[in-house]
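Okay, structure first, notes after.
The values are calculated or read from the model by the stated rules, or taken from the named source; none is laboratory data. If you're wondering where the values come from, they're calculated on a predicted model, not measured in any experiment. Backbone-built Cβ (ideal geometry, glycine too); neighbour counts: all protein chains shown. To get the accessible areas, we keep the full protein, side chains included, count just its heavy atoms, and leave off ligands, DNA and RNA. Shrake-Rupley method; radii C 1.70, N 1.55, O 1.52, S 1.80 Å.
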Amino acid sequence: LERQLVLQNLMRERQTAMQIAWTREFLKYFGTFFGLAAVALTTGAIKRKNPGVLLPILPLSFVFAYQYDMGYGTLLQRIKG
């Protein structure tokens with residue numbers, strides 16, 4: 001029984017490590033998209049003189065912050081706590 005618990009903990013740790021690795025990889029691509037979108041939306045807002053064009057940056061920034069916290073921050077430690 002003790003050996004089974006040790007194996008279950010090992011599998012859980014591996015699964016968590018895999019999730020963090022996937023999040024970090026996803027963050028690379030999403031960060032690039034977010035950066036390009038921010039530049040494009042800012043340029044569009046300046047050209048059109050309409051600050052409403054910048055509105056999509058808000059939800060994208062929340063997604064980016066969540067993914068960053070999951071991959072490089074303390075989100076998993078807070079969840080465990």
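Among the residues that make up region 5-14, is at least one of them in a helix (DSSP H, G or I), of a type in the set (S, T, N, Q) and in contact with a helix residue (DSSP H, G or I) (Cβ under 7 Å, 6 or more places away or on another chain)?
Scanning region 5-14 turns up no residue that is in a helix (DSSP H, G or I), of a type in the set (S, T, N, Q) and in contact with a helix residue (DSSP H, G or I) (Cβ under 7 Å, 6 or more places away or on another chain).
Among the candidates Val6, Val39, which residue alone is within 17 Å of Phe64 (Cα to Cα) and open to solvent by 80 Å² or more (accessible area, probe 1.4 Å)?
Val39
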